[in-house]
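A short worksheet on the structure shown next.
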């Protein structure tokens, strides 16, 4: 255990060192929020992948593989990879818009009301996603140290608040790049060691129920639903879109997105296999502790230290991206356009850092209350995606849209999505699909009706000088 802790401390110290280095690159709010729009394709792919391969795609997948989904839990990440490849078709339009946030584009096209609703949805969802990553990090700290989970959440949350406060998007991007490749390599090396120390392939197979090996146990309906969910959340989620906005140019946005999707797909089933090994060797543990338990009990200390360091850093980095999203949306979309408060470039940087601290402590409180990973993750994705989905994408891709089409589709999609989820997803249809379909249908009907009445088309999404009005 001492070697594992030594590696984790050295690794985390190196990541903080990168954060301090990144701080020297920050001169204004544009650097803090968008890394100066200078990310190349490799850096973009690395930061996108590390952002999404956090708690849900590592600890969460191992937990689900240990529990109800078995081997098919890997589809959770494959679906994410497919979803982000689909986003590559939209990525050039995102970068071309020269925006900073998702609500900014919605505001340009549909006016102040749509802008306000989408801004608040984005902020709430991003805080919830931060809570997910704090919980994921805390489960590892809990297993390694024996700390009560409450204390582990508090420690993890405070670390991520400091991490984000320090260097903004530059800090997140540089550390993401290192973390992603350490995670992939670490997980790949971990599997044969864990398998051998659990008694070998035959022993593991004999100790787990046969149905846990079903490649599609999760069900094709869920797989398709996850692909749609991820396409929606990557194309409308602030922490992902903000990275596309940070790309050097439109071509970079496309290449980085495709490369990220391929890398995620290659990684997908590794944490699921580790979850099954945990089920074989430790059948009575808490599912959320599956990955950490395998690492501590079945891996050599050096590999366990590297693996857990990468996972801890990735979950912290995912949380960092979401905290940065909260600060960015508030500063760019709420403080000025909605609350009518002016802010200078220098004050914008100070305000962003204050928002990181405030939203970080809100996320800690949510994590303490929920202590869940994938259920809260899906709730946040549903909240932020179902309403704005049609308005944002069609606003980018289609010139002839009307303001009310955006507004009513955002309201309808959000209400239907959340109601569907509260109703426990009737007919087995995911809430995100029900809400997005409702959003799309309402958008198309109102847009057609208003165009027939001669209602003027909304302003362009690519006019960064367009003032957000009624």
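The values are calculated or read from the model by the stated rules, or taken from the named source; none is laboratory data. All figures in this text were calculated on a predicted structure; none of them were measured in a lab. Glycine also receives a Cβ, built like all others from the backbone with ideal geometry; neighbour counts cover every protein chain displayed.
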From the option list 279, 316, single residue qualifying as assigned to a helix (DSSP H, G or I), in the same structural domain as residue 181 (by TED's automatic domain parsing) and modelled with pLDDT under 90 is 316
Would you check if there is a residue in region 49-71 being surrounded by fewer than 24 Cβ atoms within 10 Å (Cβ to Cβ), part of a helix (DSSP H, G or I) and modelled with pLDDT of 90 or more? yes
With the first residue restricted to region 278-297 and required to be surrounded by fewer than 20 Cβ atoms within 10 Å (Cβ to Cβ), and the second required to be at pLDDT below 85 and outside any helix (DSSP H, G or I), Cβ contacts under 9 Å at 6 or more apart or on different chains are 296/1
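Return the residues of region 414-465 that are under 29 Å from the mean Cα position of the chain (by Cα) and either in the same structural domain as residue 220 (by TED's automatic domain parsing) or touching a residue at least 60 places away in the same chain (Cβ under 8 Å) (or both); say none if nothing qualifies.
Restricting attention to region 414-465, the residues satisfying the condition of being under 29 Å from the mean Cα position of the chain (by Cα) are 414-444, 460-464.
Those that are under 29 Å from the mean Cα position of the chain (by Cα) and either in the same structural domain as residue 220 (by TED's automatic domain parsing) or touching a residue at least 60 places away in the same chain (Cβ under 8 Å) (or both): 414, 428, 429, 430, 432, 433, 436, 460, 461, 462, 463, 464.
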Those residues of region 354-387 which are assigned to a helix (DSSP H, G or I) and more than 24 Å from residue 138 (Cβ to Cβ) amount to 354, 385
Residue 390 vs (1) assigned by TED's automatic domain parsing to the domain that holds residue 420; (2) part of a helix (DSSP H, G or I); (3) touching a residue at least 60 places away in the same chain (Cβ under 8 Å): all pass except (3)
Picking from 216, 222, the residue that is over 13 Å from residue 386 (Cα atoms), assigned by TED's automatic domain parsing to the domain that holds residue 328 and not in a helix (DSSP H, G or I) would be 216
